[in-house]
Amino acid sequence: MKKQLFIFSLLLLFAFSGRAQNTIAKIKYEEAEEAFDKENYALALEKIEETEKLLKNVNPKTLYLKIMAKYHLMKDDYAIIKSLKADCKYYLNKYESNDGVQDKYREVYKISKELTAIGDSDEAIQKNNEKVKAEKIRKEKIKKLIFYASELCKKFQFKPGLDRNAFIQQNEFLRKVYLTRYYDDGNFFGFPTVSYTPEHSSLAWKYLYETECPGIITNADDEVINYGINYVYGKNKSDAHTREYYDIIKSLYDQFDEKYIKMGSNYLGISIKVPRSEEDETILLYISFAYVKFDKKYSKICINFSTNDKIGNYFIQELNR
């Protein structure tokens with residue numbers, strides 16, 4: 001009788017222990033999902049491996065999450081690629097006939113096909129590691145360039161896609177001046193445009209160097225496609241302006257890919273081409289800086305924004321004159 005009670009007690013103990021482990025495993029899995037959603041893939045992988053250890057087996061849910069976590073980590077650490085390949089192979093073989101995981105099965109299959117192009121040797125892994133790191137750096141630089149451009153747009157209140165009146169209303173620099181048409185011959189850029197500048201700038205050269213002197217160019221639909229303004233300006237400040245201008249040049253070359261930067265042959269102008277995104281490198285915006293001195297006393301740095309390829313490239317070409 002005592003022996004039977006002892007065996008029964010052991011069975012209850014194992015049963016309660018199993019339930020407790022399953023409960024903890026469930027919590028660990030939820031923690032893994034939460035970490036994955038927050039893009040903390042290393043923690044997600046750690047939690048999912050703890051889950052499998054508690055369950056003492058692998059199931060479609062845990063293995064899928066492990067594969068996805070490793071896939072994201074692979075982009076930083078290609079050493080994980082071998083175990084990821086093994087996990088994908090196991091998943092595809094084990095759950096091929098499981099109708100409940102069809103969508104996830106397709107995702108794992110796509111990852112597996114991607115991994116097939118990567119060899120298993122250390123040399124192949126290292127080569128791909130370098131390739132992925134280079135791609136990551138490229139995307140980070142583009143992302144920084146887009147952010148840099150957006151901050152300049154905010155600072156100088158350039159908003160693309162607005163007509164002339166709407167653009168002026170949102171721009172405090174333009175609201176302070178009276179704009180007059182000074183050039184409306186569309187043959188200059190090869191398509192209909194109208195240029196506007198503060199009235200005084202055509203009357204007094206001093207106005208060009210002692211004020212912000214903002215100006216715009218519009219297309220045939222009266223949309224603002226170009227905007228320029230003095231970045232810094234004034235009298236007897238050429239040394240300070242020179243230092244600031246060369247700081248701008250250094251900052252651009254330090255932060256961004258040279259393929260998006262064009263320096264003028266006389267070093268007095270520099271332009272950047274801003275792509276739409278890390279994935280779409282078509283040019284969204286041209287931003288140019290120019291350093292100008294006059295009569296040894298006056299100097300300024302002007303900045304120009306353009307959403308039009310012809311105008312943007314015109315300013316880049318002007319840098320080399």
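The values are calculated or read from the model by the stated rules, or taken from the named source; none is laboratory data. Being a predicted model, the structure only gives us computed values, none of them experimental. Virtual Cβ from ideal backbone geometry, glycine too; neighbours counted across all protein chains shown. Keep in mind that these areas ignore ligands, DNA and RNA; they rest on the heavy atoms of the full protein, side chains included. Shrake-Rupley method; radii C 1.70, N 1.55, O 1.52, S 1.80 Å.
Within region 42-158, what whole-number % of the accessible surface is contributed by carbon and sulfur, with the 1.4 Å probe and all protein chains included in the calculation?
Working: 3710 of 7060 Å².
That fraction is 52 percent.
Short version: what are the Cα gyration tensor semi-axes of region 220-321, square root of 5 times each eigenvalue, largest first, in whole Å? Walk me through the numbers before you get to the answer.
Working: eigenvalues 125, 58, 25 Å².
Taking √(5λ) for each eigenvalue gives 25, 17, 11 Å, largest first.
Once amide H atoms are placed 1.01 Å from N in the peptide plane, what residues at a sequence separation of 5 or more from residue 232, or on another chain, have their amide H within under 5 Å of its amide H?
Amide H to amide H, under 5 Å and 5 or more residues apart or across chains, residue 232 pairs with 301.
Please work out how many pairs of lysine residues in region 213-321 are eight or more positions apart (or on different chains) and have Cα atoms closer than 13 angstrom.
Going through region 213-321 pair by pair, I get 12.
Per-residue counts of other Cβ atoms within 10 Å, averaged by peptide: what ranking do you get for 37-48, 234-245, highest first? Spell out each step's value before the answer.
On the way: 37-48: 17.2, 234-245: 14.5.
Top to bottom by mean Cβ count within 10 Å: 37-48, 234-245.
Scale the Cα Rg of region 19-178 by the rule-of-thumb value 2.2 N^0.38 Å and send over the ratio, two decimals.
On the way: Rg = 23.6 Å, N = 160, 2.2 N^0.38 = 15.1 Å.
Expressed relative to 2.2 N^0.38 Å, the Cα Rg reads 1.56.
Taking 0.36 nm per residue of sequence separation and subtracting the Cα-Cα distance, how much length would be gained by fully extending the chain between residue 40 and residue 109, in nm to one decimal? Present the calculation step by step, with values, prior to reporting the outcome.
On the way: separation 69, 0.36 × 69 = 24.84 nm, distance 2.32 nm.
Taking residue 40 through residue 109 to full extension adds about 22.5 nm, to one decimal.
Leaving out same-chain residues fewer than 8 places away, which aspartates and glutamates sit with a Cα under 16 Å from that of residue 113?
87, 96, 103
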